[in-house]
1. What are the residues whose amide H is under 5 Å from the amide H of LEU216, where those residues sit 5 or more places off or on another chain and H is modelled from the backbone?
2. Quick one: 3J(HN,Hα) in Hz for region 467-484, Karplus 6.51/-1.76/1.60 with θ = phi - 60°, rounded, Gly and Pro as x.
3. Need the C-alpha centroid separation for region 171-241 versus region 273-344, integer Å.
4. Counting only heavy atoms of the protein chains, get the accessible area per residue of the chain (1.4 Å probe) and round it to a whole Å² value.
5. Indicate the gyration tensor shape class of region 403-445 (rounded, prolate or oblate), computed on the Cα atoms with a ≥ b ≥ c the square roots of the eigenvalues: a/c under 1.5 is rounded; otherwise a/b larger than b/c is prolate and the rest oblate.
6. To one decimal place, what Kirkwood hydrodynamic radius in Å is obtained for region 115-220 from all pairs of distinct Cα atoms?
7. So for region 89-237, taking the charge dipole from beta-carbon charges (+1 Lys/Arg, -1 Asp/Glu), which of LEU89, GLY182, GLY226 sits furthest toward the positive end?
8. Between rounded, prolate and oblate, where does region 123-170 land on the alpha carbon gyration tensor, with a ≥ b ≥ c its root eigenvalues, rounded for a/c under 1.5, else prolate if a/b exceeds b/c?
Amino acid sequence: MSHDTDRTTRTARTARTTPTATSVRPRAGAPGRARAVTLAVVLTAELMNALDGSVVYTALPSIAADTGASTAALQWIDAAYVLTFALGLITGGRLGDLYGRRRIFLGGTAVFTLASLLCGIASGPDLLIAARVLQGAAAAVMVPQVLATLHVTFDEGSRAKAFGLYGTVMSLGSVIGPVLGGVLTEADLFGLGWRPVFLINLPIGIAAVVLGRRFLPESHDRTAGGLDPLGMFLSALGLLLITLPLTMGGEHGWPVWTFAAMAVGLLVLAGFLMQQRTKMRKDGSPLVVLSLFTGRAFSAGLATQLAFGLLSGVFFLSWVLFLQNGLGLTPGQTAIGFVAASLGEMGGAWLAMSLVARYGRAVPQAGALLAAAALCGYHHLIATEGAGMGTVPAAAPMLAVGLGLGMIGAPLADLTLGKVSHRYAGSASGLFNTGTQLGIALGTALTTLVFFTHITAGTRGPAVGTAFADSLWYVIGTLLAMWALMLLLPRRTRTD
């Protein structure tokens, strides 16, 4: 009898100490404090990425004057970051699953900080472009670990708020970026001109690494195999052949090669999917876990996030051109509109975080309808006021638009990834972020069709207002399509 008891005790002890498929090792500090610092560290990293994707816009004229960069070089200063980031997200997410999300996050953040330093001390456009490539690659490794770490660190009760803050930071970063870039450039801190746009990342990145080493939990998929080099190559090649024409095509008048490249890119991605199925059957360690797409919430959420990125790409570029070229507002007056949008998004995110656990998908659906209604009102305002609209009437509707967008962006990550297995958290996060980047690239490209149909980039006056008003119908249509897609998301996130 005692022999059986000892064996039972040993079995129970083994069950308690054997790692699960995804093992999470807590770091030093009280659990509540450690989780709060974890949240602050990873969201700071996400904010750095969100800002760096857009902060450079308003600094480009100063960069050109200081470095002698050509128009093509200026375009690549932006595109080098965006393209490298988009291409590496899937691989970056899987690296965290395989080798530890804390380890990969800290490495990516350290390299991102170093690349920011190189950007800030670049003496010419060539070095700046190379540093932006390194910065984008580091962000592709760093960013997927943010959602993955939140997913495995927070329980179901607190995960919705953590994901809501993530969505808020991601949205606000892209909106505030151009404003911050303009402020830092005009301030000319220490006589450095545009360079603080990048150098501001140094203290933030160093703090994230130092605090992350102490407080971030380590987690990874202990059942995973090795890397999938062929899958990495095919996914990057396919995305490159699609995103490069979308990013560069509009500037060159959409030559034939852009459409040919996108067609080949789709074929390469089809081949990638076939290779992933074969890889799964062979050793069970593909780059992308295709079984994720069998989950209705994940597939619908990914499609919704893609549409959300597309909407952002179309709307914000057209809106800025409308404010400055259509209404003749200064960059400072335009910033008022961004502030209004940011305040609205923060309010929408707070509202969504307090309601999503009980009402689930109804919250972002209400946000989509609110944003669509506000844009309908904006269209009417433009039609009645025209080019005589002042700064306040042009900015005020963005409070309601931002409120609706915040109600969408804040809970979408939780509704999409909430039921994903911890072992695939990195892969799922990489796909979620890739959907965002592809959507923004596609939306920016579509401005050629929905905004620049009857005007050129240098057009000023009432014609710009008319073009912007017409483009709003496409944005409203996208919001309604998102409302329909969100019918497939969970009705609620709170367990009974």
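1. Residues meeting the criterion, in which the H sits 1.01 Å from N, do not exist here.
2. In residue order, the calculated couplings are 5, 5, 4, 5, 5, 4, 5, 5, 5, 4, x, 5, 4, 5, 5, 5, 4, 5 Hz.
3. Centre-to-centre distance over Cα atoms comes out at 17 Å.
4. I get 41 Å² per residue for the chain.
5. Oblate is the answer for region 403-445, as a/c is 1.5 or above yet b/c matches or exceeds a/b.
6. Computed over Cα pairs of region 115-220, the Kirkwood hydrodynamic radius comes out at 15.9 Å.
7. Towards the positive end, the residue furthest out is GLY226.
8. Working: a/c = 7.14, a/b = 3.11, b/c = 2.30.
It comes out prolate by the Cα gyration axes.
The values are calculated or read from the model by the stated rules, or taken from the named source; none is laboratory data. Keep in mind that this is a model prediction, so the values were computed, not measured. A quick note on method: Cβ atoms are made from the backbone with ideal geometry, for glycine too, and the neighbour counts reach across all protein chains shown. To get the accessible areas, we keep the full protein, side chains included, count just its heavy atoms, and leave off ligands, DNA and RNA. Shrake-Rupley method; radii C 1.70, N 1.55, O 1.52, S 1.80 Å.
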